[in-house]
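First comes the structure, then the notes that go with it.
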Amino acid sequence: MRDRVVAGNWKMHGNRASNLALLDSVLAGMDGLQGVECAVCVPFPYLGEVAARLKGSSLAWGAQNLSEHAQGAYTGEVSASMLAEFGCHFVIVGHSERRQLFGENDAAVAAKFAAAQAAGMIPILCVGETLEERDAGSTERIVMRQLDAVLTRVKFGSAVLAYEPVWAIGTGRTATPEQAQAVHAALRRRVGEQARILYGGSVKASNAAEIFAMPDVDGGLIGGASLVAADFIAIARAAQRKG
Ligand code: PGA
């Protein structure tokens, strides 16, 4: 049985006081949670403080991006070894906001994935189609292209895959469990039985259970709902395997 993963993507939200309050509430709510690896992916400036707060707890933490370069004259960038030095466990790679707003292409995403792996971190690789691509019937071709850009370069290893339809991110519009399952099953054929494949895109406490009930959905990458402790906890609880 694959262990479930529920990872929060805080995006560019929070401040030092609200972060610590959120972490305290999440930690308190995680009591008794089993079979679900929980994590929060936080903005760079907070990594050290979050790491210190979560030390010794069962809540893991990660970053939301990294540079594909090892070091050098790359103003504003953060390298894999810098993250690893803080004990960073996960790092989101190729989020659609990075691809769409910051021009990250498949090659850059693959290079970032490889850099994260080489530094001993677990990349959470995001793939997903736009609404136009879905309407054109290209969903599978697009997510496979995004995944294959990585797989032609390195092995998937113990990385985590996240299927995030772009039209479902932050829109309140979720893929149906069947839509998610269809894409997850196709991705599964490529990455194998051991790989964890998360669904992301407007996952809420109210819809998490039905999505997580799908056989190839191994948890979620949670944006907005990860900023509300009670919602994040409810989603993590929905990810516990029944029976
Ligand atoms: P959302 O974001 O849950 O707010 O839709 C998910 C994501 O972007 O990872």
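The values are calculated or read from the model by the stated rules, or taken from the named source; none is laboratory data. All values reported here derive from a predicted model rather than from experimental measurement. Glycine also receives a Cβ, built like all others from the backbone with ideal geometry; neighbour counts cover every protein chain displayed. The protein model used for the area step is the full one, side chains on, heavy atoms only, and it has no ligands, DNA or RNA in it. Shrake-Rupley method; radii C 1.70, N 1.55, O 1.52, S 1.80 Å.
Under 5 Å between amide hydrogens, built in the peptide plane, is the criterion, and for residue 122 it picks out 90, 91 among residues at least 5 positions away or on other chains.
Rounded to the nearest 500, the helix-only mean residue ellipticity at 222 nm of the chain stands at -11500 deg cm²/dmol, with each DSSP H run of n ≥ 4 adding -39,500 (n - 2.57).
Across segment 86-208 the C-alpha pair distances fall into 10 Å bins from zero in the proportions 13, 47, 33, 6, 0 percent.
Check every DSSP H run in the chain and write down those whose alpha carbon atoms cover 15 angstrom or more along the long axis and whose mean Kyte-Doolittle hydropathy is 1.0 or greater. What comes out of the filter, once short or polar helices are dropped, is none. Straight-line cross-link partners of residue 242 among the lysines, defined as a Cα under 27 Å from its Cα and at least 8 positions apart when in the same chain: 204.
Please list 71-77, 108-114 highest first by mean number of surrounding beta-carbon atoms within 10 Å per residue. Kindly include the intermediate steps, with their values, before the conclusion.
Working: 71-77: 8.6, 108-114: 22.0.
Descending packing order for the listed peptides: 108-114, 71-77.
Farthest towards the positive end of the charge dipole of segment 186-239, among the residues 225, 211, 192, is the Cα of 192, using unit charges on the Cβ of Lys, Arg, Asp and Glu. Highest mobility in the GNM of the chain, judged by mean-square fluctuation with C-alpha springs under 10 Å and restricted to 52, 84, 209, is found for 52. About the centre of its Cα atoms, segment 135-243 shows a dipole size close to 280 debye [charges on the beta carbon of Lys, Arg (+1) and Asp, Glu (-1) only; nearest 20 debye].
Find the accessible area per residue for the chain; the probe is 1.4 Å, ligands and nucleic acids are left out, and the unit is Å².
Values: 10760 Å² over 243 residues.
Per-residue value: 44 Å².
Sequence gap at least 6, Cα distance under 8 Å: using those rules, report the relative contact order of the chain to the nearest whole percent. The value is 23 percent. As a length-normalised measure over Cα pairs under 8 Å and 6 or more apart, the relative contact order of segment 1-71 settles at 38 percent. By the rule of a C-alpha distance below 18 Å, with chain neighbours fewer than 8 residues away ignored, the aspartates and glutamates paired with residue 55 are 24, 31, 37, 85. Per-atom-type breakdown for the chain gives carbon and sulfur 53% of the accessible area (1.4 Å probe, protein chains only).
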